[in-house]
1. Express in whole angstrom the spacing between the alpha-carbon centres of the range 123-193 and the range 35-54.
2. So, by mean Cβ neighbours within 10 angstrom, what's the order for 220-227, 37-44 with the highest one leading?
3. If you put +1 on each Lys and Arg Cβ and -1 on each Asp and Glu Cβ, how big is the dipole of the range 53-101 around its Cα centre, in Debye rounded to 20?
4. Principal axes first, then extents: for the Cα atoms of the range 113-163, list largest minus smallest coordinate on each axis, whole Å, largest first.
5. Across 5 Å bins from 0, what is the distribution of all Cα-Cα pair distances for the range 35-124, in whole percents?
6. In what sequence, highest mean first, do 189-195, 280-286 appear when ranked by Cβ atoms within 10 angstrom?
7. What does the helix-only formula give at 222 nm for the chain: each DSSP H stretch with n ≥ 4 adding -39500 (n - 2.57), the total divided by the residues, and the result rounded to the nearest 500 deg cm²/dmol?
8. List the equivalent ellipsoid semi-axes of the range 178-226 in whole Å, largest first, each obtained as the square root of 5λ for an eigenvalue λ of the Cα gyration tensor.
Amino acid sequence: MSSHIQSTLDSLEQQHLLRTLNETTPLSPPYISQNNQKILSFASNDYLGLSQHPTIKQAAIQATETYGTGAGGSRYTTGNHPLYTQLETKLAALKHTDKAIIFGSGYLTHIGLIPSLVGRNDLVIADKLIHASIIDGIKLSGAKLMRFHHNDANHCKTLLKTHRDKHPQCLIITEHIFSMDGDKAPTSELYKLANQHNALLLTDDAHGFGVLPNWSAHDSHIIMGTLSKAIGAYGGYVCTNEPLASYIQQKARSLIYTTALPPATLASALAALELLEQQPEHIKTPLAHATYFTQQMNLPKAESAIVPYIIGAEQNTLALANQLLKENILVSAIRPPTVPTNTARLRITFSACHTQEHVDMLKHALT
Ligand SMILES: *Cc1c(COP(=O)(O)O)cnc(C)c1O
């Protein structure tokens with residue numbers, strides 16, 4: 001076995017696919033520090049810089065002072081802090097659904113939610129480019145997975161027509177904004193198809209929430225998302241209607257068999273949502289920067305805070321990211337299997353903390 005392990009590591013390195021953990025210290029956003037260098041970051045999902053917001057930090061400190069650092073139990077034993085109720089009530093109101101359910105993270109949400117909805121004889125029809133956490137949830141469920149071409153509702157319709165009737169339950173899954181491409185799914189078409197074919201539509205809103213204008217549940221039966229990106233905290237959530245929400249609360253194992261979130265995390269997410277309610281204008285800046293950047297660079301117009309700069313080969317992508325890093329600019333080099341073969345890319349994310357000068361610096365570094 002040890003020779004298999006070493007040869008696998010060697011082969012990953014040869015293919016420029018080895019992943020590295022780089023020590024990174026957050027500075028005032030959009031700056032970070034690596035190897036004692038102050039670096040301008042276009043690599044964070046903290047789209048609004050809320051992880052560093054003074055009011056939100058204060059809420060986390062206050063919660064820790066009052067309630068301590070850890071929850072000490074599952075939500076179903078002693079971990080269900082009153083802050084959960086406040087946070088779930090606020091989220092459900094924002095998304096216009098009956099109920100919101102907070103999970104430990106977005107990843108934990110998918111691996112509990114999907115197996116609670118579908119099982120061995122059921123069918124999942126999902127976009128080709130869905131996130132790894134969705135794939136893992138589907139694998140755990142044991143349901144049959146069929147994929148439609150990226151953002152192709154017609155292909156989804158064909159799969160439904162041919163295969164839907166062979167399975168008791170059917171779940172369609174997409175992302176509102178795709179995590180590595182930044183483009184938007186045809187959610188209203190998919191929602192219509194789901195209704196026509198007695199299926200449920202699950203939409204992953206990890207990269208839409210807090211970046212695009214108030215996106216509520218009218219285009220999906222179930223919305224999931226994360227509190228760890230634009231909300232700047234940690235945790236995952238599901239928003240849906242009754243009785244589905246109560247059903248998920250009974251079934252989702254990753255909700256039941258894990259410790260509840262620390263009070264500070266709940267308090268900071270709650271404070272972030274309150275801030276977004278009071279100052280909704282914050283939300284517009286990341287998309288405005290992304291749009292300006294794509295116009296300047298002659299790229300397809302940005303639809304979100306995420307802009308893919310596709311290079312193709314892994315080695316060239318890494319080389320470009322390293323060249324930018326020498327100029328103290330950080331962007332993520334994304335390689336297979338995270339993205340399809342021959343589409344290695346720089347994944348550029350814009351934040352409300354960037355100024356137009358920052359965006360121009362990136363443009364000059366790339367041209
Ligand atoms: C980040 C992400 C998740 C996972 O959320 P975490 O809270 O980080 O576990 C799920 N889906 C998509 C599309 C994501 O980008």
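Bear in mind that the values in this text are calculations on the coordinates, not laboratory data. A quick note: this is a predicted structure, and the numbers were derived from the prediction, not measured. We place every Cβ from the backbone using ideal geometry, glycine too, and count neighbours over all the protein chains shown.
1. 33
2. 220-227, 37-44
3. Details: 5 positive and 3 negative charges, 25 e Å.
For the range 53-101, the charge dipole is close to 120 debye.
4. Taking the Cα atoms of the range 113-163, the three principal extents are 27, 22, 12 Å.
5. Per 5 Å bin, starting at 0, the Cα pair percentages come out as 2, 9, 11, 17, 21, 15, 11, 7, 5, 2, 0.
6. On the way: 189-195: 19.0, 280-286: 16.6.
The most tightly packed comes first, giving 189-195, 280-286.
7. Numbers: 13 runs with 149 residues, N = 367.
The helix-only estimate for the chain comes to -12500 deg cm²/dmol at 222 nm.
8. Working: eigenvalues 78, 25, 17 Å².
So the equivalent ellipsoid measures 20, 11, 9 Å along its semi-axes.
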